[in-house]
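Data first, discussion second: the structure below is written as structure tokens.
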Amino acid sequence: MRKPLIAGNWKLNKGGKDALELSRRIKEGIGDILNVDVLICPPFTALAEVHEVTRDSPVKLGAQDCFYEMNGAYTGEISPLFLLDVGCEYVILGHSERRKYFAETGDIIGMKLRAAIGVGLYTILCVGEKSEERESGGAYDVVKTQLGGSLSDIPDDYIRKITIAYEPVWAIGTGKTCDPDVANEMHQFIREWTGKRFGYKIAEEMRILYGGSIKPENISSLIEKEHIDGGLVGGASLKAESFLEIIRTASEKNKLTTDKHG
Ligand code: 13P
């Protein structure tokens with residue numbers, strides 16, 4: 001029913017020739033794995049060249065952000081239309097690092113979602129609480145506010161182009177993975193919220209990814225959970241071998257749990 005998606009967020013890494021090498025190795029390494037969708041999100045400067053590698057292959061291409069205007073006097077910004085031009089199908093929006101370092105708010109992220117989906121891109125909307133919010137028992141409220149802040153004004157049919165990634169901030173780049181049961185509960189909460197807002201049928205079909213210190217050693221215990229439909233991988237996506245191992249494990253698990261993913 002929900003085909004897993006394993007996405008690599010390269011962040012501010014592999015902007016030049018390294019991007020070509022890594023994307024080539026990923027493309028060659030996935031071989032005949034077709035029961036998992038694979039996405040890589042290099043920096044803007046590498047997108048066009050990486051597209052030459054991934055085109056006509058199952059590896060999908062995405063960007064890590066975009067602006068909410070199509071054209072105009074917005075120095076330094078990237079239009080969703082430019083992403084289409086260089087072969088992107090996806091864009092990540094609202095990553096916690098964008099919220100933290102670039103002061104992105106729910107409103108801004110909502111505008112970006114509308115702009116990106118409006119031109120036909122698939123989007124990955126990131127949400128997740130900080131450690132002090134988790135410790136004080138506020139994780140669900142934070143995620144609910146983030147969902148409401150970006151999705152309240154989204155046209156109903158746009159939800160088909162949205163994947164949500166639950167990325168607890170305290171698990172990103174720290175080596176501390178969220179307990180799979182704790183993550184699954186949050187995913188279930190996100191699905192329930194989406195169901196109430198957009199309808200339960202579409203919420204059932206929507207993929208919800210986990211992100212935060214995913215490694216080859218922990219992907220299995222995460223992806224076997226009912227509501228975890230894949231991963232948004234940072235550090236471990238920068239080495240072909242670890243990213244491919246994560247993909248292979250997701251593929252194996254998918255074969256074993258056909259009741260979950262159909
Ligand atoms: P790490 O896998 O490096 O923890 O990063 C997760 C992330 O932020 C993906 O978007």
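Quick check: residue separation of T145 and E226 times 0.36 nm, minus the Cα distance between them. What number comes out in nm? Could the numbers behind the result be given before it?
Details: separation 81, 0.36 × 81 = 29.16 nm, distance 2.38 nm.
Residue separation times 0.36 nm, minus the Cα-Cα distance, leaves 26.8 nm.
Just to confirm a number: summing +1 for Lys and Arg and -1 for Asp and Glu over residues other than T249 whose beta-carbon lies under 12 angstrom from that of T249, what do you get? Provide the component values of the computation, followed by the final result.
Details: positive: K215, R248, K253, K255; negative: E217, E224, E245, E252.
Net of charged neighbours comes to 0.
Tell me the Kirkwood radius of the range 21-64: reciprocal of the mean inverse pair distance over distinct alpha-carbon atoms, in Å.
Working: mean 1/r = 0.0944 Å⁻¹.
For the range 21-64, the Kirkwood estimate is 10.6 Å.
Which shape class applies to the range 58-152: rounded if a/c is under 1.5, otherwise prolate when a/b exceeds b/c and oblate if not, where a ≥ b ≥ c are the square roots of the Cα gyration tensor eigenvalues? Intermediate results must be reported in sequence, preceding the final value.
On the way: a/c = 2.27, a/b = 1.86, b/c = 1.23.
It is prolate, given that a/c is not under 1.5 and a/b is the larger ratio.
In whole angstrom, how long is each semi-axis of the equivalent ellipsoid of the chain, when you take the square root of 5 times every eigenvalue of its Cα gyration tensor and sort them from largest down?
On the way: eigenvalues 118, 110, 62 Å².
After scaling each eigenvalue by five and taking roots: 24, 23, 18 Å.
What ³J(HN,Hα) values, in whole Hz, does the Karplus curve 6.51 cos²θ - 1.76 cosθ + 1.60 give for the range 4-12 when θ = phi - 60°, with x put for Gly and Pro?
Coupling constants for the range 4-12: x, 10, 10, 10, x, 9, 7, 6, 8 Hz.
Rg and Dmax of the range 167-262, using alpha carbons, in Å: what are they?
13.5, 40
Pop a pseudo-label 7 angstrom from the Cα along the beta-carbon direction at both F44 and K3 and give the gap in nm to one decimal.
It is 3.1 nm.
Taking every eigenvalue of the Cα gyration tensor of the range 1-135, multiplying by 5 and rooting it, what semi-axes result, largest first, whole Å? Before the final figure, lay out the partial values.
Details: eigenvalues 121, 72, 44 Å².
Semi-axes, largest first: 25, 19, 15 Å.
In percent, how large is the relative contact order of the chain, given Cα pairs closer than 8 Å and 6 or more residues apart?
Details: 508 pairs, mean separation 58.8, N = 262.
This gives 22 percent for the chain.
Given the Cα-Cα distance of D181 and E252 and 0.36 nm per residue of separation, how much length would full extension add, in nm? Kindly include the intermediate steps, with their values, before the conclusion.
Working: separation 71, 0.36 × 71 = 25.56 nm, distance 2.04 nm.
Length gained between D181 and E252: 23.5 nm.
Can you give me the C-alpha center-to-center distance between the range 90-116 and the range 198-262, rounded to a whole angstrom?
Measuring centre to centre over Cα atoms gives 23 Å.
Give me the net charge of P180's neighbourhood, meaning all other residues with Cβ under 11 Å from the Cβ of P180; Lys, Arg count +1, Asp, Glu -1.
Details: positive: K225; negative: D179, D181, E185, E224, E226.
Once positives and negatives cancel, what remains is -4.
Looking at G230, S131, S152, which one has the Cα that reaches farthest to the positive end of the dipole of the range 127-262 (charges on Cβ: Lys, Arg +1; Asp, Glu -1)?
Of the candidates, G230 comes out farthest on the positive side.
If you average over every viewing direction, what projected area does the convex hull of the Cα atoms of the range 137-207 give, in nm²? Could the numbers behind the result be given before it?
Values: hull surface 20.3 nm².
The number I arrive at for the range 137-207 is 5.1 nm².
What number, rounded to the nearest 500 deg cm²/dmol, is the helix-based mean residue ellipticity at 222 nm of the chain, given -39500 (n - 2.57) per DSSP H run of at least four residues and division by all its residues? Walk me through the numbers before you get to the answer.
Working: 12 runs with 118 residues, N = 262.
Taken over the chain, the calculation gives -13000 deg cm²/dmol.
Evaluate the Debye formula for the range 212-251 with equal point scatterers sitting on the alpha carbons, no solvent, and hand back log10 of I(q)/I(0) at q = 0.26 Å⁻¹, in q order, two decimals.
-0.82
Once you keep just the Cα pairs under 8 angstrom separated by 6 or more residues, what percentage relative contact order results for the range 52-159?
Working: 140 pairs, mean separation 27.6, N = 108.
Computed value for the range 52-159: 26 percent relative contact order.
Quote the FRET efficiency, to the nearest 0.05, computed for N35 versus E205 with a Förster distance R0 of 22 Å and r equal to the Cβ-Cβ distance.
On the way: r = 17 Å, r/R0 = 0.76.
Here the calculated transfer efficiency is 0.85.
Using only the C-alpha atoms of the range 85-217, find the volume of their convex hull and express it per residue in Å³. Present the calculation step by step, with values, prior to reporting the outcome.
On the way: hull volume 16.4 nm³, N = 133.
Measuring per residue, one finds 123 Å³ for the Cα hull of the range 85-217.
Quick one: Debye curve from the C-alpha atoms of the range 41-85, no solvent, what's log10 I(q)/I(0) at q = 0.14, 0.23, 0.26, 0.28 Å⁻¹?
Scattering profile of the range 41-85, log10 relative to I(0): -0.35, -0.81, -0.95, -1.05.
Which of G173, G76, G137 moves most in a GNM of the chain, Cα contacts under 10 Å?
Per the Cα network of the chain with a 10 Å cutoff, G76 tops the list.
Tell me, what % of the accessible area of the chain is carbon and sulfur with a 1.4 angstrom probe?
Working: 5890 of 11690 Å².
Looking at the chain in its full context, I get 50 percent from C and S.
Got a sec? What order do D179, D65, D141 fall in by accessible area at 1.4 Å, biggest, i.e. largest, first?
On the way: D179 80, D65 10, D141 100 Å².
Correct descending sequence by accessible area is D141, D179, D65.
The values are calculated or read from the model by the stated rules, or taken from the named source; none is laboratory data. The structure displayed is predicted, hence computed values, not measured ones. Backbone-built Cβ (ideal geometry, glycine too); neighbour counts: all protein chains shown. Ligands, DNA and RNA are excluded from the accessible area calculation, which covers all protein heavy atoms including side chains. Shrake-Rupley method; radii C 1.70, N 1.55, O 1.52, S 1.80 Å.
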